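These notes concern the structure reproduced below.
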Amino acid sequence: MLSDIFPTGFHGVVSPGAGVGSTVYVAGAGPVGLAAAASAHLLGAAVVIVGDLNAERLAQARSFGCETVDVSQGSVEEQIAQILGEPEVDAAVDAVGFEARAHGPNAQEAPATVLNSLMGVTRAGGALGIPGLYVTEDPGGIDQDAKSGTLKVRLGLGWAKSHRFTTGQCPVMQYHRGLMMAILHDRVKIAEAVNATVIGIEDAPQGYAEFDQGASRKYVLNPHGALDGLQPV
Ligand SMILES: NC(=O)c1ccc[n+]([C@@H]2O[C@H](COP(=O)([O-])OP(=O)(O)OC[C@H]3O[C@@H](n4cnc5c(N)ncnc54)[C@H](O)[C@@H]3O)[C@@H](O)[C@H]2O)c1
C-alpha cells in the first residue's frame with residue numbers, strides 16, 4: 001500500500017487541489033483509482049465519484065461510500081449531473097492511462113478517452129491529476145499513433161477552461177510518513193478500500209491471472225508467512 005498505490009492515488013487527488021468540500025471524479029476503479037477515492041475522502045471531499053466499466057470494481061467503490069458512474073452506459077457528464085445536479089466536478093483523476101477504453105457499450109481501446117472526458121467534466125479553473133500511465137512506445141498500440149504514444153488529446157478544451165495538469169511518476173516518498181500515520185491512527189482504511197487480499201507465493205500465478213481479468217482485489221503476496229494471523233487495514 002505505502003510503496004505504490006496509496007501514495008499514487010493520493011498524489012492523483014492532492015495534485016489537482018482536492019480538499020474540504022471538493023467534488024471529485026476518479027476515472028478507473030482499479031487499485032490506484034480506489035486508493036485515489038479513499039484519499040479524496042481523507043482530504044475531506046464532499047462527493048467522490050468513481051467511473052469504470054467493471055461492475056465488480058464499481059461495487060467495491062460503493063462499499064466505502066463513493067458514488068459511481070458506469071462508463072459503458074454512455075455519457076459520463078450526464079451520469080455526473082444525475083449525482084451532483086451539475087455535469088462538472090472541481091477535480092478529476094485519471095487512474096486509467098493509455099489502455100483506456102472508449103465509453104458506451106462494447107467499447108474498444110481508445111487511449112485519449114479519459115484525458116478528453118476529464119477535460120469535459122472538470123469545471124473551468126479546475127485541475128486534472130494524471131497518475132495513469134502514458135508511454136513513449138506501445139508496440140501493441142491500436143494504430144500507428146498509439147504505437148509511438150501520440151494521442152489525439154483535445155488540448156483546446158483544457159486551454160479554454162484554464163485547466164492545470166499534473167502527470168508523471170508519483171513522488172512516493174513525499175507522502176510516506178503522513179499516509180503511514182493516517183493508517184496507524186485509523187484515519188483511513190486503505191486495505192479495505194482496495195480489497196487487499198493476502199495470498200501465499202504458491203497462489204501468485206492465479207492471483208496475477210485473476211487481476212489481469214479485472215478482479216476487484218489488490219493481491220498481497222505473503223511468501224514467508226510474515227503476515228500470518230494479521231488482518232490488513
Ligand atoms: N504515476 C505513477 O507513479 C503510477 C504508479 C502506479 C500505477 N500507475 C498507473 O496507474 C494506472 C492505474 O493502475 P491500476 O493498477 O489501478 O490499473 P488497472 O488496470 O487495475 O485499473 C484500470 C481500470 O480502468 C478501467 N477503465 C478502462 N477504461 C476506462 C474509462 N474510459 N473510464 C473509466 N475507467 C476505465 C479498467 O476497467 C480498470 O478497472 C495504470 O496506468 C498504472 O500504470 C501510475
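Summary of computed values
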read-out: Prolate/oblate/rounded label for the stretch 5-172 (Cα gyration tensor, a/c 1.5); value: rounded
read-out: Environment charge at Asn222 (Cβ cut-off 11 Å; Lys +1, Arg +1, Asp -1, Glu -1); value: -3
read-out: The chain: relative contact order in percent, alpha carbon pairs under 8 Å with at least 6 residues between; value: 20 percent
read-out: Antiparallel DSSP beta bridges within the chain, percent to nearest 5; value: 5 percent
read-out: Calculated [θ] (222 nm, deg cm²/dmol) that DSSP helices of n ≥ 4 give over the chain, each run adding -39,500 (n - 2.57); value: -10000 deg cm²/dmol
read-out: Charge dipole of the stretch 18-84 about the Cα centre (unit charges at C-beta), most positive-ward option of Thr68, Gly44, Gly33; value: Gly44
read-out: Highest to lowest packing among 13-23, 56-66, scored as the average C-beta count within 10 Å; value: 13-23, 56-66
read-out: At least 15 Å along the helix axis (C-alpha) and Kyte average at least 0.5, DSSP helices within the chain; value: 31-42, 172-184
read-out: Protection proxy ranking of 86-95, 199-208 - average other beta-carbon atoms within 10 Å, highest first; value: 86-95, 199-208
read-out: Total formal charge among the other residues, if their Cβ is under 11 angstrom from that of Ser22, Lys/Arg +1 and Asp/Glu -1; value: 0
read-out: Per-peptide average of other Cβ atoms within 10 Å, ordering 145-157, 106-118 highest first; value: 106-118, 145-157
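Rule-based calculations on the coordinates, nothing more; no lab input. The structure presented is a predicted model; accordingly, all values stated were derived computationally and were not measured. All Cβ positions, even for glycine, are placed from backbone atoms using ideal geometry, and neighbour counts span all protein chains on display.
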